[in-house]
Amino acid sequence: MNTQKEFGEPGYLDYKGRYKGLFSWIFSTDHKRIGLLYLFSILSLFAIGATLGLLMKFELIAPGKTIMGPQAYNAFFTLHGIVMIFAVVIPGLPAVFGNFLLPIMIGAKDVAFPKLNLFSWYLYVTGVVLVIISQFAGDGPPDTGWTFYAPYSFRTTGTMLPAVFGAFVLGFSSILTGLNFLVTIHRMRAPGMTWLKMPLFPWSLYATAWVQLLATPIIGITLLMVVAERTLHIGFFDPSLGGDPLLYQHLFWTYSHPAVYIMILPAMGAISEIITTFSHKTIFGYKFMVVSVLAIAFVGYFVWGHHMFTSGMSGTALYTFSLLTFLVAIPSAIKVFNWISTMHKGSIDLQTPFYWAIAFIFVFMIGGFSGLILGSLAANVHLHNTNFVVAHFHFIVFGGTGFAFFGAMHYWFPKITGKMYDKTWANIGLILFFIGFITLYGPMFYLGFKGMPRRYFDYDEVFHAGNIISTMGSWVLYSGLAIIIINLFASLKGGAKAPSDPWGGKTLEWTIPSPPPVENFTETPVVTKGPYDYKQV
Amino acid sequence: MYSTTATDASNFVSTFNTSFYFIAGISLLLLIGLTVIMLYFVFRYNNKKNKVAVQNEGNTRLEIIWTVIPILLAIAMFYYGWAGWKPMNKAPKDALKITSVARMWSFSFQYENGKQSPDLVIPVNTPVKLNLVSLDVIHSIFIPAFRVKSDMVPGREKMMWFLPQTVGDFDLYCSEYCGLRHSYMNATVKVLSNEDYTSWYADSSKVITATEESVPGAEGLKIMINQGCNACHSSDGTKIVGPSYMNLYGEKQVVIREGKEVTVTVDDEYIKRAINDPNSEIVKGYPKGLMQSYKATLSDDDISKIIEYMKSLNDK
Ligand code: HEM
Ligand SMILES: [Cu+2]
Ligand SMILES: [Cu+2]
């Protein structure tokens, strides 16, 4: 659809402002352009992280050295973890789709603080640059794992300071995005959009924003304490200076557990949008969906101790954390039940994003159930720090957030680019990706159950078979990934023009042209109905 | 070696199994059930078969049902986990006490009569209580066949106990990442019959590793195997983490002392300093702070034996 003719206003991609070329992007305060800046940065880093994962898996195809030594392997999983967690999945959905769609979905022209929004991206890039510097400066790349556990992080000769400081700066970027979204949602909803008329993706961003704002400062101060301890030798965490290593773990997980919810809540929001749209049916149990998102965000603050069951906490602490861990699973279960019920008696349009959504529900359930096993004290003692945990968190953060991210990418692709993607290739990519994913991480549950610890460069022969299958899975997954990305880029050029509402969606972004005009709405929309109003008129 | 089929390798295998299979079983049922329902809906209500969706905003009774039932299931799951874990927390009074010392990257087990061993040798059907000590960073002692694990935190008292129930050899791993050779930080748990254990324990030599007695300096080698020196030093010229012992004694070595490079001759005094106060002089090209002092564990006599062994590694 031609925005020019219809609205007499250029789409955000054609808009000619003060700057040209690259500068018209990196100096732009338009939330849509900033969303795309994040998209390209995150995709590039994801490619790096995924390639590191592929190489690690190749190393593990046989016991002993295959393609790299232990020092390189340790540096690889450290960089892989830092990149994937701090630079890919934490910003992931909020920074890309949140930035692009949040203002549109609530009928606003932009976020509350557009300049701060651009500044967050600058911080993000600065953080990434610091992490890259840590790879090349000093005596060698960091090798502590993404958790930077004390006191090992004070013993290692790897270059810690830039990496730790980089994670700190990335945290700030996340805090500012959260703050921006909170104010936007409180202040800038279109007339008539009461809280309970707000779609679920903005709701999930709202809950996420609180977590970003309240939990991230904890990791900030913790990482600064590590910097101070390494440079000034103040004994916070290192027992040889009188510090306490468990204090570090508490502080680290007080943030890093809620961070898992920063990753997964927006994913749940995006999945809710996709399922209603393609079922052509209003979401089942809207209010329960809203309450469960808020409940996860809230209870999620109080379960960090389940990362430390074998560290040496008191018995009371252990079973309290265990019980709370089981309870935090309930709202997630409620969401799964409501998603499936939404499909009931729907009129389901089997499009690629919908396939991503059902694949998401499947892998998310596996991730969640394995989480229950890990939450159980007796089982945790055996499974903690084994490959079982590695499988579990890849199922949740890669299976959950990753699948939702790709689902969202296909779902909003027509809106963002004004083009349709090629459906056949998109589906082929998805199938390969899914098969590869299960083959890659499925065997790791078994390996962990058999006792193979995580972060192991070398292993006993008993673990060989499982590792071979897992490595072969990584090749299939990688090919699927390549097809998905190439197809989307090819569709930018060759794809058919997208109409403003290709899927029959009901939320506000489908009422404006694709791609949206600079100001989003020519006239501020007035909301009178619920977000998913499919009633026939 | 390790097998999961030895269902009663320790007393904690069955409690682990109860809570693991209880949760895994319920989860599998739910996973299959929900997936089948979801796929059925996708086929049954696809827009070719079902042209018009029937709108339904929700059902509060259903919501309550699928909140309450999972809560009850979750509490049951929690209960089994807690019940299985509780006995781990309290070791029997009559347990055999062994101190387990971890350092980068080896374990050493110290018995009440002064015996030391790089492997954990224990009698069957006797409760064993390990007193856990780490000398440098956090390690974690993990015996998969026994379903037990505990972190070893420097500066913190910790213990772990279990009752071995089957004679045999089992793997023991370090499961908390501790640096370069983390994946090589292993040992074997040797569960012996009571008679075998008694005679092993009575053997008063400090070391048990079977190395050939005839090798010159064999006693020094035994001490070093015991102390885990070989995790970082080789005898054949390869560099692991620290310099190799081969052709070391009597040679010139460049070290960094108080920030300045000095050349020293490797003699008895130098080696003693290198072992008792490793960070006062750092061999050029090697990292500081990795090797810890052995002042508390090695006597002068032990060190002389080590030196004898090093001398035997010179080509000339
Ligand atoms: C592209 C496919 C991927 C592959 C092949 C892969 C593979 C791996 C492997 C082999 C490990 C090391 C396991 C061990 O320590 O024993 C690992 C660790 C890890 N992965 Fe991935 N991974 C992939 C994607 C992701 C994604 C999308 C995330 C997002 C959160 C992620 C997060 C992590 C984290 C946090 C660790 C732990 C690092 C540490 O131990 O410090 N990975 N991954
Ligand atoms: Cu260790
Ligand atoms: Cu280790």
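The values are calculated or read from the model by the stated rules, or taken from the named source; none is laboratory data. As the structure is a computational prediction, the values presented were derived from the model and not from experiment. Note that we place each Cβ from the backbone using ideal geometry, even for glycine, and neighbour counts take in every protein chain shown. To get the accessible areas, we keep the full protein, side chains included, count just its heavy atoms, and leave off ligands, DNA and RNA. Shrake-Rupley method; radii C 1.70, N 1.55, O 1.52, S 1.80 Å.
If you average the alpha carbon positions of the stretch B:154-205 and of the stretch A:276-345, how far apart do those two centres end up, in angstrom?
40
Say each of B:Asp203 and A:Ile133 gets a label point 7 Å from the Cα, pointing the same way as Cα to Cβ; how far apart are those two points in nm?
5.7
Viscosity 1.002 mPa s, temperature 20 °C: what is the translational diffusion coefficient of chain B from Stokes-Einstein with a Kirkwood Rh over Cα pairs, rounded to a whole number of µm²/s?
Stokes-Einstein gives a translational diffusion coefficient of 90 µm²/s.
Extending each Cα 7 Å along its Cβ direction at B:Thr67 and B:Thr99, get the distance between those two points in nm, one decimal.
That separation, rounded to one decimal, is 5.5 nm.
With a cut-off of 8 Å between alpha carbons and a minimum separation of six or more residues, what is the relative contact order of the stretch A:335-447 in percent?
Averaging sequence separation for qualifying contacts and normalising by length gives 36 percent for the stretch A:335-447.
Please arrange A:His186, A:His257, A:His392 by accessible surface area, largest first, computed with a 1.4 Å probe and ligands excluded.
Sorted descending by solvent-accessible area, the residues read A:His186, A:His392, A:His257.
Carbon and sulfur: what percent of the stretch B:13-89's accessible surface (1.4 Å probe)?
Percent of accessible area from carbon and sulfur atoms in the stretch B:13-89: 72.
For a label point 7 angstrom out from the Cα of B:Asn276 toward its Cβ, which stretches of the stretch B:290-316 have the backbone nitrogen within less than 13 Å?
Counting only backbone N, you get B:293-304.
What are the residues whose amide H is under 5 Å from the amide H of A:Lys419, where those residues sit 5 or more places off or on another chain and H is modelled from the backbone?
Counting only residues 5 or more places away or on other chains, the set is A:Ala498.
I'd like the FRET efficiency for A:Thr126 and A:Ser240, computed as 1/(1 + (r/R0)^6) with the beta carbon distance as r and R0 of 41 Å, rounded to 0.05.
Between A:Thr126 and A:Ser240 the formula returns 0.80.
Which residues in the stretch B:132-171 have a backbone N closer than 20 Å to a point placed 7 Å from the Cα of B:Ser14 along the Cα-to-Cβ line?
B:144-149, B:161-168
Give, as a single signed number, the net charge of other residues whose beta carbon lies under 13 Å from the beta carbon of A:His80, with Lys and Arg counted +1 and Asp and Glu -1.
After counting each charged neighbour, the total is +1.
Could you derive backbone 3J(HN,Hα) for the stretch A:183-198 from the dihedral phi with the Karplus parameters 6.51, -1.76 and 1.60 (θ = phi - 60°), listing whole Hz in sequence and x where the residue is Gly or Pro?
Those phi angles translate into 5, 4, 5, 5, 9, 10, 5, 4, x, x, 7, 6, 3, 8, 10, 7 Hz.
For the pair B:Ser293 and A:Lys287, what calculated FRET efficiency results from E = 1/(1 + (r/R0)^6), where r is the Cβ-Cβ distance and R0 = 60 Å, to the nearest 0.05?
Approximately 0.40, to the nearest 0.05.
How charged is the neighbourhood of A:Pro443? Take every other residue with its Cβ under 15 Å from the Cβ of A:Pro443, and add Lys/Arg as +1 and Asp/Glu as -1.
Summing Lys and Arg as +1 and Asp and Glu as -1 gives +3.
Measure nothing fancy, just the Cα-based angle from helix A:200-232's long axis to the longest principal axis of chain A, in degrees from 0 to 90, nearest 10.
With rounding to tens, the tilt is 30 degrees.
So if I place +1 on the C-beta of Lys and Arg and -1 on the C-beta of Asp and Glu, and nothing else carries charge, what would the dipole magnitude of the stretch B:127-272 be about its Cα centre? I want it in debye, nearest 20.
Charge dipole, the stretch B:127-272, about its Cα centre: 560 debye, nearest 20.
Given R₀ = 30 Å, FRET efficiency for B:Ser304-B:Lys284 by Cβ-Cβ distance, to 0.05?
My answer for the efficiency is 0.70.
Which loop trypsin sites (Lys or Arg not before Pro) in the stretch B:57-111, with loop taken from DSSP, have no more than 15 other Cβ atoms within 10 angstrom of their Cβ?
Loop-located and lightly packed - B:Lys90, B:Lys93.
Roughly to the nearest percent, how much of the accessible area of chain A is carbon and sulfur, given a 1.4 Å probe?
70
Does anything in the stretch A:105-144 have its amide N under 13 Å from the 7 Å Cα→Cβ label point of A:Val183, and if so which residues?
Of the residues in the stretch A:105-144, A:111-120 have backbone N under 13 Å from the label point off A:Val183.
Sorted by accessible area (1.4 Å probe), largest first, how do A:Met289, B:Met159 line up?
Reading off the accessible areas and sorting them downward yields B:Met159, A:Met289.
Would you mind working out the accessible area per residue for the protein assembly as shown, using a 1.4 Å probe, and quoting it in Å²?
Result: 38 Å² per residue.
Restricting to DSSP loop positions (anything but H, G, I, E, B) with no more than 11 other Cβ atoms inside 10 Å of their own Cβ, which GluC sites (Glu not before Pro) remain in the stretch B:241-316?
B:Glu251, B:Glu258
Just need the relative contact order of the stretch A:3-511 here, percent rounded to a whole number, with Cα pairs under 8 Å and 6+ apart.
Result for the stretch A:3-511 is 15 percent.
Using the Cα centre of the stretch B:96-202 as the reference point, and only Cβ charges (+1 on K/R, -1 on D/E), how large is the resulting charge dipole? Debye, rounded to the nearest 20.
Charge dipole of the stretch B:96-202: 220 debye, to the nearest 20.
Near A:Lys109, which lysines are there with a Cα under 17 Å away, not counting those fewer than 8 places off in the same chain?
Leaving aside lysines fewer than 8 places away in the same chain, those within reach of A:Lys109 are A:Lys32, A:Lys415.
Relative contact order for chain B using alpha-carbon pairs under 8 Å, separation at least 6, rounded to a whole percent?
15
May I ask for the distance between the Cα centers of the stretch B:58-135 and the stretch A:85-134, given as a whole number of Å?
43
Rank A:Val227, A:Pro453, A:Thr208 by how far each Cα sits towards the positive end of the charge dipole of the protein assembly as shown (+1 on Lys, Arg Cβ; -1 on Asp, Glu Cβ) and give me just the farthest.
A:Thr208
Report the label-to-label distance for A:Thr316 and A:Thr231 in nanometres (one decimal), using points 7 Å from each Cα along the Cα→Cβ vector.
Reported label-point gap for A:Thr316 and A:Thr231 is 4.0 nm.
At 0.36 nm per residue, minus the direct Cα-Cα distance, what do B:Lys239 and B:Asn131 gain on full extension? Give it in nm, one decimal, please.
Contour length minus the Cα-Cα distance gives 35.6 nm.
Students often forget the sequence filter, so: which lysines lie under 23 Å Cα-Cα from B:Lys49 once same-chain residues fewer than 8 apart are removed?
Of all the lysines, those that pass the test against B:Lys49 - Cα under 23 Å, at least 8 places apart if same chain - are A:Lys281, A:Lys345, A:Lys423, A:Lys506, A:Lys535.
Taking Cα atoms, how many degrees apart are the long axis of helix A:423-450 and the longest axis of chain A, rounded to 10 and kept between 0 and 90?
With rounding to tens, the tilt is 20 degrees.
If you put +1 on each Lys and Arg Cβ and -1 on each Asp and Glu Cβ, how big is the dipole of chain A around its Cα centre, in Debye rounded to 20?
1100
By how many nm would the segment from B:Asn89 to B:Val52 lengthen if fully extended, with 0.36 nm per residue of separation less the alpha-carbon distance?
Length difference between fully extended and current span is 7.3 nm.
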